[in-house]
């Protein structure tokens, strides 16, 4: 923790970091935290997802703002609902004992509920641009007195058409605020915002982390969702010494999987945002001392945690994107020791794992799930090794006496077989394992995606759009058939559809340069963000 201390953080914050299991700061934290604690400069930070930037801006803000002020002191803008929840959860876990109210607001949730929270008083709002702007227009969210405004993943917000909303929000906010902008890339539009709305700012650039650990073997299993837990048990059982992290997508999944493992007799525990800091510290202590050998966790709960000698990292749920994948698997294969990263891939996720493989530029090898007889064979071999080791160790005389008594009345071979059955029958019993169905990738759906492209439409639910109305809108301008418009994704401020290349060209030509007032073109080619797939 000494490196965190040298950044200038208070003892209270250091205690909170220690309880969360943080051991040393990331490069973006080293560069950003002292500047925010000591100076009044705005900051433009270029850093990838998974580099610890939430703590980089969150820790100093938590230290600098007052407790329970009754008014919004900080606004953090993020591109998606998922990220709003993630950032809010992480900040709540970083605040320690400081009395701050941190709440996410986003489209798709009851406005009345969110208004009720705003009335009660919120110190830090983490929100998506569309919903934040809506509350500002309704005069339910006032930014005239905020101290900090953070733009997180600014390039993603640009790609999703939120720049106009962001500029309106910036124009209403306290001109004396500190503005912090973080982005993985720095296109001219993002730098234009910095130049127009930020005071003298300092640029911090953190190079992309090394994509994969050389000593980490990377494999994946094709498995049906219903068979994941059985596959997990087989992987654990076939290893002579398993010491690993199992990553799940949600807190509920973590609690469920950890509970099932414990019910089956494994030494496991859980780590997620709902457990107290004391519980977290105790769980990590048990895991580090290897009193448990399996820790089931969410990405946020495991962030900053440094555990040595892990043999395995298992992606029970596919990571959100390639950066998250790298961040997870980088926890094994360290300090010259080999490790294994295993990912479960359901048939519908095949395309996503191929995207991750291309992004990380490494081979993620397809393997078959161990069969029951292979596990039993491995366990028998391990039992033999353990017994041969014990034979050469000192054995208490009471055991020798029991052995002599048994051998005096029975055949030695049968006595040993009976002892093995008594001690290991559960481990060697094939009925302990359930059948796993063959997971087959739907090749038709993969082929069907070829020859198609995705279109971004700057219209969503807030424009009165339904799936039917959106289809009618596209057909009215291009005359293409309904059955050629696929994979419709409808959000509050925007939508996505997939159409054949030829139809896409027709649609773009028909709609030409038409724009939604004050925004980007109504329809254009776009890459759907990974976190809304």
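The values are calculated or read from the model by the stated rules, or taken from the named source; none is laboratory data. If you're wondering where the values come from, they're calculated on a predicted model, not measured in any experiment. Every residue, glycine as well, gets a Cβ built from its backbone with ideal geometry; the counts of neighbours run over all protein chains shown.
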ask   = Of the residues 186, 157, which single one is touching a residue at least 40 places away in the same chain (Cβ under 8 Å), touching a strand residue (DSSP E or B) at 6+ places or on another chain (Cβ under 9 Å) and in a helix (DSSP H, G or I)?
value = 157
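Condition check ((1) touching a helix residue (DSSP H, G or I) at 6+ places or on another chain (Cβ under 6 Å); (2) farther than 16 Å from residue 243 by Cβ; (3) modelled with pLDDT of 90 or more) across all residues:
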site	(1), (2), (3)
261	no, no, yes
270	yes, yes, yes
274	yes, yes, no
290	no, no, yes
308	no, no, no
313	yes, no, yes
key: Given (1) in contact with a strand residue (DSSP E or B) (Cβ under 8 Å, 6 or more places away or on another chain); (2) closer than 19 Å to residue 150 by Cα; (3) at pLDDT below 90, index of the condition residue 117 fails   = (2)
query = Looking only at residues in segment 438-469 that are modelled with pLDDT of 75 or more and in a loop (DSSP other than H, G, I, E, B), which one is farthest from residue 381 (Cα to Cα)?
reply = 464
Candidates 234, 177, filtered to the one that is buried (at least 17 other Cβ atoms within 10 Å of the Cβ), modelled with pLDDT of 90 or more and within 30 Å of residue 40 (Cβ to Cβ) = 177
inquiry  = Anything in segment 58-91 that is surrounded by fewer than 17 Cβ atoms within 10 Å (Cβ to Cβ) and modelled with pLDDT of 90 or more? List them, or say none.
reply    = 64
ask   = Do we have residue 420 as without any contact (Cβ under 8 Å) to a residue 12 or more places away in the chain and part of a helix (DSSP H, G or I) here?
value = no
query = Residue check: is residue 161 in the same structural domain as residue 195 (by TED's automatic domain parsing) and closer than 23 Å to residue 195 by Cβ?
reply = yes
ask   = Which ones in segment 320-356 are under 14 Å from residue 217 (Cα atoms) and surrounded by fewer than 18 Cβ atoms within 10 Å (Cβ to Cβ)?
value = 334, 336, 337, 338
Strands (runs of 3 or more DSSP E) contained entirely in segment 233-314, each with at least 3 residues that are without any contact (Cβ under 8 Å) to a residue 60 or more places away in the chain and closer than 23 Å to residue 330 by Cβ = 268-271, 294-297
key: Any chance residue 341 is part of a strand (DSSP E or B), touching a strand residue (DSSP E or B) at 6+ places or on another chain (Cβ under 8 Å) and under 26 Å from residue 301 (Cβ atoms)   = yes
